[in-house]
1. Consider only pairs whose beta carbons are under 6 Å apart and that are at least six residues apart or on different chains; among these, list those whose first residue lies in the range B:110-131 and is more than 7 Å from every other protein chain (Cβ to nearest Cβ) and in a helix (DSSP H, G or I) and whose second residue is of a type outside the set (A, V, I, L, M, F, W, C) and buried (at least 16 other Cβ atoms within 10 Å of the Cβ).
2. Is there a residue being part of a loop (DSSP other than H, G, I, E, B), acidic (Asp, Glu) and open to solvent by 30 Å² or more (accessible area, probe 1.4 Å) anywhere in the range B:300-318?
3. Collect the residues in the range B:46-85 that are away from DNA strand D (no atom under 16 Å from the Cβ) and not small (Gly, Ala, Ser), keeping them in residue-number order.
4. Scan the range A:147-166 residue by residue and report those that are touching a residue at least 24 places away in the same chain (Cβ under 8 Å) and touching a strand residue (DSSP E or B) at 6+ places or on another chain (Cβ under 7 Å).
5. Out of B:Asp143, B:Asp173, B:Asp148, I need the residue that is away from chain A (no Cβ under 14 Å), over 23 Å from B:Leu339 (Cα atoms) and outside any helix (DSSP H, G or I). Which one?
6. Name every residue in the range B:256-269 that is open to solvent by 20 Å² or more (accessible area, probe 1.4 Å) and modelled with pLDDT of 95 or more, in order of residue number.
7. Within the range A:12-48, which residues are under 38 Å from the mean Cα position of the chain (by Cα), open to solvent by 40 Å² or more (accessible area, probe 1.4 Å) and without any contact (Cβ under 8 Å) to a residue 40 or more places away in the chain?
8. Just checking, does the range A:90-104 include any residue being within 9 Å of DNA strand C (Cβ to nearest atom) and crowded, with 20+ Cβ neighbours inside 10 Å?
There are 2 protein chains.
Amino acid sequence: MAMARRGTGRDGRPTLEQVAARAGVGRGTVSRVINGSPRVSDRTRTAVEQAIADLGYVPHRAARALAANRSDAIALVVPEAETRLFAEPFFSGILRGVSAELADTDIQLLLTLIRTPKERTRFAQYAASHRVDGVLLVSVHGDDPLPDQLADMGLPVVMTGRRSADEPVPHVDCDNVGGAQLAVEHLLGRGRSRVATITGPADMYVARCRLDGYQEALRAAGREPAVELVGRGDFTEESGHAAMRELVARRPDLDAVFCASDLMAIGARRALRELGRSVPDDVALVGFDDSALARHLDPPLTSVRQPMEGMGRAMTRALLAEISDGGTDRPRLVLPTELVRRSSS
Amino acid sequence: MAMARRGTGRDGRPTLEQVAARAGVGRGTVSRVINGSPRVSDRTRTAVEQAIADLGYVPHRAARALAANRSDAIALVVPEAETRLFAEPFFSGILRGVSAELADTDIQLLLTLIRTPKERTRFAQYAASHRVDGVLLVSVHGDDPLPDQLADMGLPVVMTGRRSADEPVPHVDCDNVGGAQLAVEHLLGRGRSRVATITGPADMYVARCRLDGYQEALRAAGREPAVELVGRGDFTEESGHAAMRELVARRPDLDAVFCASDLMAIGARRALRELGRSVPDDVALVGFDDSALARHLDPPLTSVRQPMEGMGRAMTRALLAEISDGGTDRPRLVLPTELVRRSSS
DNA sequence: ATCACAACTGGGAGCGCTCCCACGCTCCTG
DNA sequence: CAGGAGCGTGGGAGCGCTCCCAGTTGTGAT
């Protein structure tokens, strides 16, 4: 036997039912008002809105999720390493963008830090079981299967960066090639003629792009890129330090270095100091990321800025669009980068 | 009339009902197994577990939340300014700690960046309407009513830092007084005798604590703190720069400065360079936070490290405890700080 | 063998919402 | 003036779970 209708929900908060009673309408009508359906007369709508205000009614998320079969939540998945290495501005910039874009929707942001491959696997299962309506993926590596797994499960996904030139999964990237070109053109424009580079891991597409930009800029200026001017790093400071020493040993006459990350530029700067070369007089230095560190290096580091907050916003918009239209246009966005000139070059 | 039971849930995923059917038991029994109730025989439990594995069953969050009247989610609320100013290591450190502590629970982390006072108000309402089981609050200011609002609504809350010495809301803080003492003792131990400090805003409890530590350390060493050795800052680089210039003008003979944040130490360092004073020979410098910037300053900055990740973990544990036991012991934890010695002192 | 009691188990009821069907009404059309 | 065609509306059914109350079975004491 059905229990008598109570005056409030289990926890004392009003339910749809009470709002309906107070407004003198049916449950369905209140639901329609809340969800912005046009099939409600103005009179009724006003009355319902009044009742909602009077009661301080707020829809119950779980009930709504259960009935409507959606969660009104999206997940932002970040490898834990990101929060250390590129903490500023990469991760927090993305986060601000995502959060800003979500601010006037009713959608929750679920943050998932992934430490291990095992957690990565577990995440796919979790995501599938109706925890989220879509997933934002940050810093995906070249061989990462997660984006495809999620996409195959029919879950909307948007990621930052690409795994390759023909990335099938919707994504938002910044113009790494163009940014590197800007940097190298700048160095050439300052009269430097033996411009070296320190690259990231060859298996990361982003690193290849920055190398491509470096080479293209040189060719555009009528110079053939020299192999011995390319140092290999892995985006860490230590690798930048080592690569810089090798470069100088190989080409003592180099007069500029474009580093594919600020952290590597910091390592390179240390190496140059050890070798008694001044920056920017002997060697001009440019980094990539425009991190907080760049601003505070001695001398302040010229760097390529990625529009992190813009990328966060763009990803989120793309994901929300995919969620609502069922993934018809699979966006691929590339946002412009910008050179921030400081005294290291 | 009830519809015939279907073979799977609406979205093709198995439901409790199917697991029960496959294991040849009732719905209630499967629920008991999933929730770890002891009132299930081993035979049955094994059979159910097998069925769960066979079907790849994962409980439906929303359904569970609705039926059990809990959300299995907690919110981490961060003022947006935090993600800029103290991005590293403060925010990401806390985040890693929280995330680590949550890793082997089934609890989701909801991240809420708060930009404006209006959003702050809105959050209270959201939190109340069964979106979360508890709230983690970061960087609360002295006059912030949000912690009390949430606590008054009966929502478990734990925050980092305190608003005052007798903070009523459960919290996890680091030993700011002790950290400042460490720093000053260290400076005195290196033979410095005219130790100045640059403080944070007087209305922030954390700033007062660091000032107290500075003064106590001096007194413990038998010296009376001098008013003209105290510079006022607001945790920003610019304020550190200005305060440093004033201090030197007031007391040209000072030989050490303890800054209540790394950012202010960076500003101070710049001022000292402009004034032609070397670090550490003329003036020894110590910061607070041990940010990434400290490591890369020239010279590398001695700084007080807060156990950010540990604080994140501690907060989370405290919150989970409060959620499960209904808030009986209202924890107040103070974690130790540590001095990281580098060449600036 | 009988009874009390514990240990398990099944399934009804219900969480608060959305979806959708059916039911008045009003207003045209022919 | 009958027959649609819409509009706006009410409310039943059901989302997948947990809770809890009745069984049902098994055990040991009498």
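The values are calculated or read from the model by the stated rules, or taken from the named source; none is laboratory data. Note that the structure is predicted; figures quoted are calculated from it, not measured. Every residue, glycine among them, receives a Cβ derived from its backbone with ideal geometry; neighbour counts consider all protein chains shown. These accessible areas exclude ligands, DNA and RNA; they are computed on the full protein's heavy atoms, side chains included. Shrake-Rupley method; radii C 1.70, N 1.55, O 1.52, S 1.80 Å.
1. These pairs meet every condition: B:Ala124/B:Gln149.
2. No, that holds for no residue.
3. The answer is B:Thr46, B:Gln50, B:Ile74, B:Leu76, B:Val77, B:Val78, B:Pro79, B:Glu80, B:Glu82, B:Thr83, B:Arg84, B:Leu85.
4. A:Leu150, A:Leu155, A:Pro156, A:Val157, A:Val158, A:Met159, A:Thr160, A:Gly161, A:Arg162
5. Every option except B:Asp143 fails the conditions.
6. B:Arg269 - this is the single residue of the range B:256-269 that is open to solvent by 20 Å² or more (accessible area, probe 1.4 Å) and modelled with pLDDT of 95 or more.
7. Across the range A:12-48, the qualifying residues are A:Ser31, A:Arg32, A:Ile34, A:Asn35, A:Gly36, A:Pro38.
8. no
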